[in-house]
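J.: Here it is, the structure in full.
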Amino acid sequence: MIDLHTHTNNSDGTDTPHALINKALSEGITVLGVTDHDTTSGWQDAIAARRAHLSLVLGAEISCLTDDGVAVHMLGLLFDGENSLMQTMLEESRDSRLPRMRRMTEMLTADGIDISLEEVFAAMPEGATLGRPHLADALVAKGHVASRDEAFTDLLHNDSKYYVTHIAPTPEDAIKVIREAGGVAVIAHPFATRRGQTLSAMSFPSLIAAGLNGVEVDHRDHSSVERDQLRGLARDFGLVVTGASDYHGTGKLNSIGENHTDPAEWARLESMANARRVVTE
Ligand code: AMP
Ligand code: ZN
Ligand code: FE
Ligand code: FE
């Protein structure tokens, strides 16, 4: 089974890369994508923890903002991790997450939901990409809400008054950097309307022009209608169709392998990278 989109504690997942790999093997995964938000910091640990019968697809899920201000996630897989354009882009995004988080804690506190930046740091594994899930964990620890999920539903969702954006490339720019670094670009959960405002079919031509390779169709945040629409777009534009769990350990309900990618589609996607970068034992 092929699962190309998962997270570790290098961003907002709760498993170490080592634990993720063991979990994947025990759940029958044969090809595993490790795609932390805006970082490649988990790659070394993942490579060190590699096992027989599990191919590792190293990547990152890049937070993007369209010119219209819509938050979009772009999966970059199989790119050269040493590429400086890529690392600069990821670093800028991570750096701006700090002032963004400070602003969010200030706005919550001003409304009587008392929370400090220090409390958010205490909820974050060292070196991880700082994100709203860590703020959610801090709100849980303080008793403001019962769970990460409740924190997002009540306070932290994309349309919330407490939501602040951070510096992020446009999806087109992210695709160009991924391709420049030799990798393949897959737009993650593009029609997940429950997350707030999303892309529309009209945005696809410019993503294609930038070099988009694939579209994540089978994802728990897509309804069956949304999946059918995306399959139609994939057919029209010749995009690779993927499916993935977006597993976050205990940080989200998603279970590893709950959605997966067809082997023929994966073979097609992998052939589009400029080098063979799948890590095997
Ligand atoms: P950020 O990158 O800081 O804007 O945070 C976005 C992250 O929040 C995404 O990776 C999502 O996986 C996570 N997220 C969104 N909604 C929820 C939820 N209901 N429960 C847990 N995590 C969530
Ligand atoms: Zn996440
Ligand atoms: Fe995402
Ligand atoms: Fe994700």
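The values are calculated or read from the model by the stated rules, or taken from the named source; none is laboratory data. Computed from a predicted structure; not experimentally measured. Backbone-built Cβ (ideal geometry, glycine too); neighbour counts: all protein chains shown. Ligands, DNA and RNA are excluded from the accessible area calculation, which covers all protein heavy atoms including side chains. Shrake-Rupley method; radii C 1.70, N 1.55, O 1.52, S 1.80 Å.
J.: Would you pick out the residues in the stretch 210-236 that are among the charged types (D, E, K, R), surrounded by fewer than 16 Cβ atoms within 10 Å (Cβ to Cβ) and out of contact with any strand residue (DSSP E or B) (no Cβ under 7 Å at 6 or more places or on another chain)?
T.: Matches in the stretch 210-236: Asp228, Arg235, Asp236.
J.: Among the numbered criteria (1) under 20 Å from Leu58 (Cβ atoms); (2) outside any loop (DSSP other than H, G, I, E, B), which one does Gly182 miss?
T.: (2)
J.: I've got another one for you. Please go through (1) in a helix (DSSP H, G or I); (2) under 20 Å from the mean Cα position of the chain (by Cα); (3) surrounded by 17 or more Cβ atoms within 10 Å (Cβ to Cβ) for Gln44 and return the number of the only condition it doesn't satisfy.
T.: Of the numbered conditions (1) in a helix (DSSP H, G or I); (2) under 20 Å from the mean Cα position of the chain (by Cα); (3) surrounded by 17 or more Cβ atoms within 10 Å (Cβ to Cβ), the odd one out for Gln44 is (3).
J.: Within the stretch 90-113, can one find any residue that is hydrophobic (A, V, I, L, M, F, W, C) and within 16 Å of ligand 4 (Cβ to nearest atom)? Even if it seems obvious, please write down each step before you answer.
T.: Our first condition is that a residue be hydrophobic (A, V, I, L, M, F, W, C); within the stretch 90-113, this holds for 90, 98, 101, 104, 107-108, 110, 113.
Filter again for within 16 Å of ligand 4 (Cβ to nearest atom), leaving 90.
Yes, that holds for at least one residue.
J.: Counting only residues that are open to solvent by 20 Å² or more (accessible area, probe 1.4 Å), assigned to a loop (DSSP other than H, G, I, E, B) and in contact (Cβ under 8 Å) with a residue 12 or more places away in the chain, how many does the stretch 260-279 have?
T.: So the count comes out to 7.
J.: Another question, then. What tally of residues in the stretch 237-256 results from selecting those that are out of contact with any His (no Cβ under 8 Å at 6 or more places or on another chain), surrounded by fewer than 20 Cβ atoms within 10 Å (Cβ to Cβ) and more than 17 Å from Val186 (Cα to Cα)?
T.: Within the stretch 237-256, residues that are out of contact with any His (no Cβ under 8 Å at 6 or more places or on another chain), surrounded by fewer than 20 Cβ atoms within 10 Å (Cβ to Cβ) and more than 17 Å from Val186 (Cα to Cα) number 4.
J.: Pick from the stretch 246-271 the residues that are out of contact with any Lys or Arg (no Cβ under 8 Å at 6 or more places or on another chain) and closer than 9 Å to Ile2 by Cα: which of them is farthest from ligand 4 (Cβ to nearest atom)?
T.: Per the criteria, the residue is Pro263.
J.: Here is a follow-up. So which of Glu61, Glu91 ends up being open to solvent by 10 Å² or more (accessible area, probe 1.4 Å), assigned by TED's automatic domain parsing to the domain that holds Asp173 and among the charged types (D, E, K, R)? Write out each step before concluding.
T.: Values: Glu61 fails: open to solvent by 10 Å² or more (accessible area, probe 1.4 Å).
One residue alone meets the criteria, Glu91.
J.: Something else now. Does the stretch 242-259 include one or more residues that are at pLDDT 95 or above, under 20 Å from Met74 (Cβ atoms) and touching a helix residue (DSSP H, G or I) at 6+ places or on another chain (Cβ under 7 Å)?
T.: yes
J.: Which members of the stretch 232-245 meet the condition of being away from ligand 4 (no atom under 15 Å from the Cβ) and at negative phi?
T.: Result: Gly232, Leu233, Ala234, Arg235, Asp236, Phe237, Leu239, Val240, Val241.
J.: For Met1, are the conditions met, namely being open to solvent by less than 30 Å² (accessible area, probe 1.4 Å) and over 15 Å from the mean Cα position of the chain (by Cα)?
T.: Values: open to solvent by less than 30 Å² (accessible area, probe 1.4 Å): no; over 15 Å from the mean Cα position of the chain (by Cα): yes.
Judged against the criteria, Met1 is not a match.
J.: Which residues, taken from the stretch 21-38, are open to solvent by 10 Å² or more (accessible area, probe 1.4 Å) and in contact with a Leu (Cβ under 9 Å, 6 or more places away or on another chain)?
T.: The answer is Leu25, Thr30, Val31.
J.: Test of understanding: among Thr153, Thr129, which residue is among the polar types (S, T, N, Q), part of a loop (DSSP other than H, G, I, E, B) and within 17 Å of Met104 (Cβ to Cβ)? Before you say what the answer is, go through the steps one by one.
T.: Working: Thr153 fails: part of a loop (DSSP other than H, G, I, E, B).
Result of the check over Thr153, Thr129: Thr129.
J.: I've got another one for you. Tell me yes or no: at least one residue of the stretch 68-76 is closer than 27 Å to Arg195 by Cα, open to solvent by 50 Å² or more (accessible area, probe 1.4 Å), assigned to a helix (DSSP H, G or I) and of a type in the set (Asp, Glu).
T.: No, the stretch 68-76 has no match at all.
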